[in-house]
Ligand code: GMT
C-alpha cells in the first residue's frame, strides 16, 4: 500500500512520531486492525512499536519502521495465574524510555487500558508524559468488560485515558449505557485497504469448492458462541433445498467441533467446507456469491466489510454497528438475530435474482470505499497530532 510522497513530506513537516501500539496478536478484528494501522502509519514515516505477548499474525515479515516488542512473563511456581498485566505495564514503561515514545495507543480495553494507565503514572513520576489513546473494539465492552469482575477497573481506566475512541456509534452508545463514563468517546470507524480486495482473478477456487456451478456462501469468524454459526448451518439447510449451493466456513475456534457435528447431523457433510484459519482472506472472498454473519453482537464486523470490498453482498443480523457498515436492501440484507429462517429466505431471494444480486455487488463495493484506509488513517493521525499539541 503506497500512501504517496506528498503525505510523507507532510509528516516530515509535522514531525514523524514514535508511536507505541498495544494489541492482541491473534486472528480477529482488534489485533488485525491495530497491526494494519501500525503498518500504514509506518509507511507514512512514523516509527511504530507493536507491544504484545506474541508475534501479531499480520506482521509476518520485516516492515520498515515497525518494531515488535514481546511481553515475557517469567515463570514462578507461586503463580497459578500469570501476572500478564504487570509484565505488560513494565514493558510499556521500558519501551517508552528506550524508544522515546511520543504516545501510546492501546487496542481493546482489557487489560491494555489499565496496564497503560499504570505505566503512564509510573512515567509521570519520572517526569515523562505519555499521552494515552484507548480504542474500544466490542467484546471488551459488550461481553467481557461489563462483567463485575472487570467493570470497576475498566471504568476507571476508560475515564483516565486521554482520548477514548470506539469503532462504531453503536459501541459508543453501549459503552455509555454500561459504564459511568465522564468523558467524550469519539467514533473512528474501522478500516481496510480496499484496493487489496479488488480486481481479483475471476477463476479463484470456484472449481474446487463448487465444481458443478453451485453458488458459494461464505462465513469467516473465530467460531465463538457470539457468532451463532449454528444459525448459519440451519439457514444453509433451507437455502440448499432451493438453490444448489455450497457453504464455505473460514476460521476456527471453540465451537468448531459442535458445528461439524451439526453439519453431519443435518446431512450437509458434502456441502459444507471447513477451510480452517487463513492469515488473510483477500485471495478468496471474491469467490463468494454471498457472505453471511449471524452474530449476537458485533460492534463493527470487519469480515463483512472485507466481503463488501470484494464485491460480495452480505446478509447479516441487525446487531451493534453492523447496520452502520452495510445498508439494508442495498449492499445486502439485515435480519433479526436468531431468525435463521429469515436469513434463509433473504439469501434465496438474493441468489435467485441476478439483477438484484448484481446491484448489491456494486453497492457493496461502493459502500466499502467509505471505510478505506486512506479516509480513516488521517483521522487517527490528526488525533495524535492534536494530543501532542
Ligand atoms: O469478536 C471478534 O471476532 C473479536 C473481536 C476482537 O477484539 O478482535 O472483534 C471485535 O472487534 C472487531 C474490530 O474492531 C469488530 O469488527 C468486531 O465486530 C468486534 N466483535 C464483537 O463486537 C463481537
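Any read-out appearing in this document is the output of simple, stated calculations on the displayed coordinates, not a laboratory observation. Small disclaimer: the values here were computed from a predicted structure and weren't measured. Note that each Cβ is placed from the backbone with ideal geometry, even for glycine, and that neighbours are counted across all protein chains shown.
Write down Rg/Rh for the chain, rounded to two decimals, with Rg from the C-alpha atoms and Rh from the Kirkwood relation over Cα pairs. Could you put the intermediate results ahead of the total?
Working: Rg = 21.7 Å, Rh = 21.9 Å.
My calculation puts Rg/Rh at 0.99.
How far is helix 229-242 tilted, in degrees, relative to the longest principal axis of the Cα atoms in the chain, given as a value from 0 to 90 rounded to the nearest 10?
It is inclined by approximately 20 degrees.
Between the helical axis of 84-99 and the dominant principal axis of the chain, each derived from Cα atoms, what acute angle in degrees is found, rounded to the nearest 10?
Result, in degrees: 60.
With 10 angstrom as the radius, rank 316, 148 by how many other C-beta atoms surround their C-beta, starting from the fewest. Let's see the in-between values first.
Numbers: 316 27, 148 6.
Going from least to most buried by this count: 148, 316.
Which distance in Å, rounded to a whole number, links the C-alpha centroids of the range 40-56 and the range 314-334?
Comparing the Cα centres of the range 40-56 and the range 314-334, I get a distance of 32 Å.
Can you tell me the order of 260-269, 29-38 when each peptide is scored by its average per-residue count of other Cβ atoms within 10 angstrom, highest first?
Working: 260-269: 13.9, 29-38: 24.5.
Averaged packing, sorted descending, gives the order 29-38, 260-269.
I need 76, 384 ordered by Cβ neighbour count within 10 Å, fewest first.
Working: 76 8, 384 20.
Fewest to most other Cβ atoms nearby, the residues stand as 76, 384.
Over the chain, what is the percentage of antiparallel beta bridges among all DSSP beta bridges, to the nearest 5? Don't skip to the end; give the middle numbers.
Details: 0 of 46 bridges.
Antiparallel bridges make up about 0 percent of those DSSP assigns within the chain.
Over what distance in Å are the Cα centres of the range 355-376 and the range 105-163 separated?
With the range 355-376 and the range 105-163 each reduced to a Cα centre, they are spaced 34 Å.
Sort 158-164, 232-238, 107-113, 354-360 by packing, meaning the average of other beta carbons within 10 Å per residue, with the highest value first. Before the final figure, lay out each step's value.
Working: 158-164: 19.9, 232-238: 22.0, 107-113: 25.7, 354-360: 14.4.
Put in order of decreasing packing, that is 107-113, 232-238, 158-164, 354-360.
What is the gain in length, in nm to one decimal, between residue 79 and residue 99 on full extension, counting 0.36 nm per residue of separation less the C-alpha to C-alpha distance?
Values: separation 20, 0.36 × 20 = 7.20 nm, distance 3.04 nm.
Here the answer is 4.2 nm.
Using only the alpha carbons of the range 194-371, what is the convex hull's orientation-averaged projected area in square nanometres? Write out the running numbers ahead of the final one.
Values: hull surface 35.5 nm².
Directional mean of the projected Cα hull area for the range 194-371 stands at 8.9 nm².
Test of understanding: extend the Cα→C-beta vector of residue 266 to 7 Å, then name every residue of the range 211-237 with backbone N under 14 Å from that spot.
Under 14 Å, as judged by backbone N against the label point of residue 266, lie 217-219, 228-237 of the range 211-237.
Share of Cα-Cα pairs in the range 37-82 beyond 11 Å, in percent?
On the way: 722 of 1035 pairs.
Roughly 70 percent, once rounded to a whole number.
Calculate how steeply helix 29-43 sits against the longest principal axis of the alpha-carbon atoms of the chain, using the helix alpha-carbon long axis, and give the answer as 0 to 90 degrees to the nearest 10.
Approximately 60 degrees, to the nearest 10.
For residue 180 and residue 87, what is the calculated FRET efficiency with R₀ set at 41 Å and r taken between the beta-carbons, to the nearest 0.05? The partial results should precede the final answer.
Working: r = 29 Å, r/R0 = 0.72.
In this case the efficiency is close to 0.90.
Just check the range 127-169 against the gyration tensor rule for me: Cα atoms, a ≥ b ≥ c as the square roots of the eigenvalues, rounded for a/c under 1.5, and otherwise prolate or oblate depending on whether a/b exceeds b/c. Intermediate values should be presented prior to the final figure.
Working: a/c = 3.27, a/b = 1.47, b/c = 2.22.
Taking the square roots of the gyration eigenvalues as a ≥ b ≥ c, the range 127-169 is oblate.
Hey, with R₀ at 41 Å, roughly what FRET efficiency would residue 256 and residue 389 work out to, going by the Cβ-Cβ distance, to 0.05? All intermediate terms of the calculation are to be shown ahead of the outcome.
Values: r = 48 Å, r/R0 = 1.18.
Taking R0 as 41 Å, the efficiency between residue 256 and residue 389 is 0.25.
Using only DSSP helix segments of four residues or longer, with each worth -39500 (n - 2.57), what per-residue ellipticity at 222 nm results for the chain after dividing by its residue count and rounding to 500? Intermediate results must be reported in sequence, preceding the final value.
Working: 15 runs with 162 residues, N = 389.
Dividing the helical sum by the residues of the chain leaves -12500 deg cm²/dmol.
Note the full-extension length gain between residue 204 and residue 169 as 0.36 nm times their separation in residues minus their Cα-Cα distance, in nm to one decimal.
Details: separation 35, 0.36 × 35 = 12.60 nm, distance 3.60 nm.
Taking 0.36 nm per residue and subtracting the Cα distance, the gain is 9.0 nm.
Could you grab the relative contact order for the range 84-133? Cα pairs under 8 Å, six or more apart, rounded to a whole percent.
Relative contact order of the range 84-133: 44 percent.
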